[in-house]
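Report on the following structure.
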């Protein structure tokens, strides 16, 4: 059976992959996917820590994850809505071309 | 069987309940009864309903129960949190009244309902002492503010600002959550007080320090401290001006309060040290880095601006830098100084954005040129602008002077070891002098330069003008008699602790 360390390393890798995607991708939707990956890495951490606690009767960790999944869903919905409203103006979701505001 | 007194709970959460119901009433009233009315009329009714609801919430926010220090509760409702909630509710009322001036959306009901929801998130944020509650309310606030930023759908800048705000906010929320997961893993607790109890003997654990930095990244974004400030100038400029006013005021108050709660209560025992020549790892040196970067970058970038909303954004970053030393002092005096600073600063900011909203609505621009000769075109507005900007610059007798004074004395007297935080105070004083330059630059445009030929007289709505004058008087009053607010904060802090 995998130990706690394995889950934590996996979560850290997922988080780094998500951060890389969020920072390097030029497409707004890919950035959004990167953010979702980072949030899910944190969720994985919570579940792993909860599962390997001395007393798993305490539901704190799993409750945290349920809430954060719901929040991530809301966040994705709002993110996509914002991307659509941007697309109506620019006709693109490429972030390099979105540059009306600077200074 | 554990029986819960639901009536008592409801009484403690009366302000939040009232505000939620107000938001729904505003939404349905606007969609139903007011549907065929003109937009200004709908705005007036919605703003009136929201203000009435917020006043009711303020009236019902006097109940509190002092928390048992060993409890695992998720919320604290004590005199201090109730006082901060009242401040936030007042800021929302002012924002709603300033919104009357701007015509940026036909979706009036949704706009005012979202103002109520964002405020609700801030109120829960102030009360939360549990990582879960903190994260949920932070997201409620942020998600509402993203939508409020995008509200001017016909304007390209509004969508662009909202998307940038959202993407950076999403990354910072992920950092916050990841840091929280490690804190939970290390301590097995999500309650801040209990976390502090667990941390006391292993404050220099490197994993804990990494988790702490991640959580501070998440909150540093919320208060727009450099280097997590990149969203602020774009959002302040692109968002509809009233939305920007709420982001600059209420969200700032809640953000700083929760940062104070997180560091002073949750991470107590892991302070480290930020004194000159005596750094030790912990959250104080992290905040020191943020403070130095924010003060320097905010002030220097503000000099180069030509648009007032962008100027206010960079000055907001600088002000976040001034406020952080009060937190780093981590004593009662520092906390009082921080809360006084952030409250008066938020009032000033709503006022300044209110003036910009009026000028922008009537001239179509927020560039410096639009403010040329404002003193001839609208003397009342120009005087209000003068009060707000000089208070931001920290000149007596305005509230901003005492705010800076308290923060700097708290920071300077915090530690007697070598030079203590004096090095930060010296930097902050030097940077305040720089800030005077760009505020005066704008005031020169408004007072000393003649208006261009054919410039129109600017006439704000009576309700907006009344709000702005009231805010200006408040800034003057809190500057002349700062103890009015300080005594209140002190009394609340002594009873509740943080």
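Laboratory data are not the source of any read-out in this text; all were calculated from the coordinates shown. Model, not experiment: these values are computed from the prediction. As a convention, Cβ positions derive from the backbone with ideal geometry for all residues, glycine included, and neighbour counts pool all protein chains shown.
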**Study point:** For the range B:166-291: span of alpha carbons on each principal axis (Å, largest first)
**Key:** 48, 35, 21
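Compute the length gained on full extension between residue B:448 and residue B:202: take 0.36 nm times their separation in residues and subtract their Cα-Cα distance, giving the result in nm to one decimal. Show your work: numbers first, answer last.
On the way: separation 246, 0.36 × 246 = 88.56 nm, distance 5.99 nm.
The residue B:448-residue B:202 span can extend by a further 82.6 nm.
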Study note, to complete from the structure: Computed from the beta carbon distance with a Förster radius of 35 Å, FRET efficiency for residue B:409 and residue A:9 to the nearest 0.05 stands at 0.15
Review point. How large are Rg and Dmax for the range A:4-90 when only the alpha carbon atoms are used, in Å?
Key: 15.5, 54
Point to revise | Overall Cα dimensions of the protein assembly as shown, principal axis frame, Å, largest first | key: 80, 58, 52
Practice item. At 7 Å along the Cα-to-beta-carbon direction for both residue A:62 and residue B:461, put a label point, then send me their distance in nm to one decimal. Key: 5.2
Revision key, fill the gap. Sorted largest first, the Cα spans of the range B:17-494 on the principal axes come out in Å as 69, 50, 40
Review point. Working out 0.36 nm times the residue gap between residue A:30 and residue A:99, then minus their Cα-Cα distance, what length gain in nm do you get to one decimal?
Key: 23.0 nm
Study note, to complete from the structure: Footprinting proxy, B:11, B:42, B:62: sorted fewest to most Cβ within 10 Å, the residues are B:62, B:11, B:42
Exercise for review: For the range B:59-125, just say rounded, prolate or oblate: build the C-alpha gyration tensor, square-root its eigenvalues into a ≥ b ≥ c, call rounded for a/c under 1.5, and beyond that prolate if a/b exceeds b/c, oblate if not.
Suggested key: prolate
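Based on the alpha-carbon gyration tensor of the range B:298-443, what equivalent-ellipsoid semi-axes (square roots of 5 times the eigenvalues) come out, in whole Å, largest first?
Semi-axis lengths for the range B:298-443 are 31, 14, 11 Å.
Arrange B:78, B:205 by Cβ neighbour counts within 10 Å, fewest through most, would you?
The order, fewest Cβ neighbours first, is B:205, B:78.
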Point to revise | Theoretical gain in end-to-end length, residue B:213 to residue B:331 [0.36 nm per residue, Cα-Cα removed] | key: 40.3 nm
Study note, to complete from the structure: Simple spin-label estimate for residue B:157/residue B:17, 7 Å along Cα→Cβ, in nm, reads 4.4
Review point. Hey, rough spin-label estimate for residue A:73 and residue B:289, points 7 angstrom out along Cα→Cβ, what's it come to in nanometres?
Key: 3.7
**Study point:** Calculated over the range B:222-364: convex hull of Cα atoms, volume per residue (Å³)
**Key:** 94
